[in-house]
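What follows is one structure encoded as structure tokens, with my remarks underneath.
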Amino acid sequence: MQVKNTLIKLVVAAAVMLPYAVSAQTSSINAFSPYTMYGIGELNTPGTLQMRSMGGVGVAMRTPGRLNLLNPAAFSTVPQKSFLFSFGLEGQNYYNSQKADGISKRTAYNTFNFHDIAFQMPIARKLGLGFSLTPYSSVGYRTKYTHDYKPTDPVWGNVGRVQYVYQGEGDVTEVKVGLGWELFKNFSLGLAAQYYWGDIDRSFVMTPTPITGNGTYSSTVGSDNYSISSIKGQVGVQWNAIMNQKRMLTLGATYDFGGDLNPEVTKRIYVGDLYSSTVKGDTTHLALVLPRQLSVGTYYQTAKWTLGLDYVYQNWGGRNKGTELTGISGQGNSYYEVAYTNTSTVKVGVEYTPNYYDVRKFMKRWSYRAGFRYGTYNQTYNGNKLAEYAVTLGIGVPVKFLGSSSIDVGVEYGRRGYNLAENLGLVRQQYFKFAIGFSLFANSRENGEYWFTRPKYD
């Protein structure tokens, strides 16, 4: 009866938080980066806060009592008569700097939103169900740019300085439902369906001024709205290569099927009396696509230590061969050509729990986490790839002795474009993230409700 009441409370809590989470996700700017001007925007780091605090590793994580949002094969490990629930919030601070034509510019912006709502539960022996609602990508930018045209310009004629204002916001949200089945001892197969939806709005305002005089021409205003709705699939496997009372080594892999988002696009152009065309370089956009993705990883666990290593490959370039000219020029007043490119990311993470069974010293039961992630951004600028990396730290505080439920806190520091920004005049981006997560694990025994059972590996 106790576990039943707990499950009811968790379901009610999820039902209450879900509308607010969805509303927040679709009505606020959740990223602030000029690199989100093109394509699907900035990808969010998947996984619960426990996983993200370890650099984002988790393809091979196979721990009873912990949710795994990366590999549906892990759903098979959910103990019988149990229920796992996770909810996370995340705040971000973006700091962007750019140096072009000898002028340095800096901007800063803060965002705050939910990160994940998820649960996992058993359906039958060695068969588990998983569900998650998470942000997939975010678009958020506001950029102002001025350009001086010469009187001899064959297009603009007597137009002098022109001011361009670009802005956009929107999100793509992912809902994932999957099954994990232990086909035979120590080997599991998982299948998941992922549904994506969202809206992305992009707009520009072009205001020209004459070469002589103080007057202005009528502005040209354009807006594009992308309404997204699409489905794709994922398959995953996990295998316990070593499993005994002292340690466990797990290997895992997932494959995500790509696809086009095929958005419904609404374009609107408002032109003054003197103009009848859109702004140069802003007439086409990169396609909104989902890449094919291959992830492989390993996860090693002992009583005190956990080590994880993941490699992720995303086939962005294979999904879209198109290019787009930036609306903003770089050095020498030349426009950048933007294109998708395939990406590779390496993630490594560690977790340390001094003594999970220490009755007297509470902090020895805490989990201390750290991780590192390095890869490339999914867009090139004139054929140049942008490097990006992130360093993560976190702690997990158990809410009950010998319990798997915890309150988790994590921080992340990352950089993008540091390798090319100075030479190409691109934006050098830094960000800082702070997140808090709640992981609940309910189970039942003959003596009533309990929160954790030490797994026995044989």
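The values are calculated or read from the model by the stated rules, or taken from the named source; none is laboratory data. No experiment lies behind these values; they were computed from the predicted model shown. A quick note on method: Cβ atoms are made from the backbone with ideal geometry, for glycine too, and the neighbour counts reach across all protein chains shown.
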Legend entry - One residue from VAL265, VAL271, VAL221, VAL205 being among the hydrophobic types (A, V, I, L, M, F, W, C), farther than 18 Å from SER76 by Cβ, at pLDDT below 95 and surrounded by fewer than 14 Cβ atoms within 10 Å (Cβ to Cβ): VAL265
Inset, instruction - Go through the range 99-114 and count every residue that is at pLDDT 70 or above and either within 15 Å of TYR431 (Cβ to Cβ) or out of contact with any Leu (no Cβ under 7 Å at 6 or more places or on another chain) (or both). - result: 10
Legend entry - Tally, over the range 366-386, of residues that are part of a loop (DSSP other than H, G, I, E, B) and modelled with pLDDT of 90 or more: 1
Inset, instruction - Sort out which residues of the range 411-440 are touching an Asp or Glu at 6+ places or on another chain (Cβ under 8 Å), over 17 Å from VAL391 (Cα atoms) and of a type in the set (A, V, I, L, M, F, W, C), and write them in order of number. - result: PHE438
Legend entry - Residue list for the range 329-349, restricted to those being surrounded by fewer than 17 Cβ atoms within 10 Å (Cβ to Cβ) and either at pLDDT 95 or above or over 21 Å from the mean Cα position of the chain (by Cα) (or both): GLN331, GLY332, ASN333, SER334, TYR335, GLU337, SER344, VAL346
Inset, instruction - Could you check, for the range 167-174, whether at least one of its residues is at pLDDT below 80, in a strand (DSSP E or B) and in contact with a Phe, Trp or Tyr (Cβ under 8 Å, 6 or more places away or on another chain)? - result: no
Legend entry - Candidate set from the range 116-132 (those that are crowded, with 20+ Cβ neighbours inside 10 Å and within 21 Å of LEU290 (Cα to Cα)); member that is farthest from the chain's Cα centre (by Cα): SER132
Inset, instruction - Collect the residues in the range 45-64 that are assigned to a loop (DSSP other than H, G, I, E, B), surrounded by 22 or more Cβ atoms within 10 Å (Cβ to Cβ) and not β-branched (Val, Ile, Thr), keeping them in residue-number order. - result: GLY47, SER53, MET54, GLY55, GLY56, GLY58, ALA60, MET61, ARG62
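Quick grid of which residues meet (1) hydroxyl-bearing (Ser, Thr, Tyr); (2) closer than 27 Å to GLY417 by Cβ:
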{"position": "PRO64", "(1), (2)": "no, no"}
{"position": "LEU70", "(1), (2)": "no, yes"}
{"position": "ALA73", "(1), (2)": "no, no"}
{"position": "SER97", "(1), (2)": "yes, yes"}
{"position": "ALA108", "(1), (2)": "no, yes"}
{"position": "THR111", "(1), (2)": "yes, yes"}
{"position": "HIS115", "(1), (2)": "no, yes"}
{"position": "ARG125", "(1), (2)": "no, no"}
